[in-house]
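Scroll down for the structure; my scribbles are underneath it.
Bear in mind these aren't lab numbers, they're just calculated from the coordinates by the rules spelled out. These numbers come from a predicted model, not from an experiment. Cβ coordinates were reconstructed from backbone atoms using ideal geometry, including for glycine residues, and neighbour counts include every protein chain displayed.
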Amino acid sequence: MEQNNSLTTLGLKLPSDPRWVNIAEMNLSDILIDHAFCEQKAATKCITLIVKYPDLDFLVDTLTPVVTEEWGHFQAVKKEMEKRGIKLTRKRKDEYVAQLGKCMRGGGSRYDQLMEDTLCFALIEARSAERFKLLSENISEESLKDFYHQLMISEALHYRNFIEIAEFYNPKEKVRARWEELLIQEAEIMRNLEVRKDRFH
């Protein structure tokens, strides 16, 4: 029931494969490495939006602290890696994000494109929050339970930030209709995506 409540709060339509937590814990080094890259990309995406839309004050004001938080998450993950003697490797392709990118529409107005960008990022943050929640509740290492619980709270807030930006610059009913479409597509991606031992998503 709690998992269903979490999905409702985040808007997601399909829970993660229940095997994922066990696979992640057995391959913690790979998961931490991939998680570090995810946090790097999250900070970079926020910076990209600020650079792309510098005249949109609400967007800039909302995402500026998110950049700091996401980079702080990267530093925190790196610290966890250093405790375990784990080093960063080369960047890995994120198939989940690549599949989401294929769902984004091109064309339309500047604000249409902003909506596509922010809703895609909202989906990534929502799925990340769901997986952080799973780790915080199921991983055996106590220090990591709290670590992932705090990240879950932060990512859920970032998910809301992106939704709020989309709705600030577009009619809410338009955003909600598009969000519903993307949620269905994201669920289909999750349904068909291979559960891999070396990937966070």
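Taking packing as the residue-averaged number of other Cβ atoms within 10 angstrom, the listed peptides 175-184, 82-91 run from highest to lowest as 175-184, 82-91. The slack in the chain from R110 to D57, taken as 0.36 nm per residue of separation less the alpha-carbon distance, amounts to 17.6 nm.
Taking a cut-off of 14 Å between Cα atoms, list the aspartates and glutamates near K91, but don't count ones fewer than 8 places away on the same chain. Counting by Cα, and skipping residues close in sequence, K91 has these aspartates and glutamates nearby: D30, D34, E39, D198.
Ordered by the number of other Cβ atoms lying within 10 Å of each residue's own Cβ, fewest first, V195, V21 fall into the sequence V195, V21. Quick note on the chain: its Rg to Rh ratio, both from C-alpha atoms and Rh being the Kirkwood radius, is 0.95. The residues E80, E70, E141, when put in order of fewest to most other Cβ atoms within 10 Å, stand as E141, E80, E70.
Per residue, the chain reaches -26500 deg cm²/dmol at 222 nm when only DSSP H runs of four or more residues are counted, each adding -39500 (n - 2.57). Once you sort the root eigenvalues of the Cα gyration tensor of the stretch 1-102 as a ≥ b ≥ c, which label holds: rounded (a/c under 1.5), prolate (a/b larger than b/c) or oblate (the other case)? It comes out oblate by the Cα gyration axes. Long hydrophobic helices in the chain: the complete DSSP H runs spanning 20 Å or more by Cα along their own axis with mean Kyte-Doolittle hydropathy of at least -1.0 are 28-52, 57-83, 110-138, 142-169, 172-192. If you average the alpha carbon positions of the stretch 53-75 and of the stretch 24-41, how far apart do those two centres end up, in angstrom? After rounding, the separation between the Cα centres reads 22 Å.
Under the convention that each Lys and Arg Cβ holds +1 and each Asp and Glu Cβ holds -1, the size of the dipole of the chain around its Cα centre is about 620 debye. Placing unit charges on the Cβ atoms of the charged side chains and taking the dipole of the chain about its Cα centre, the candidate lying farthest along the positive direction among C103, I165, C46 is C103.
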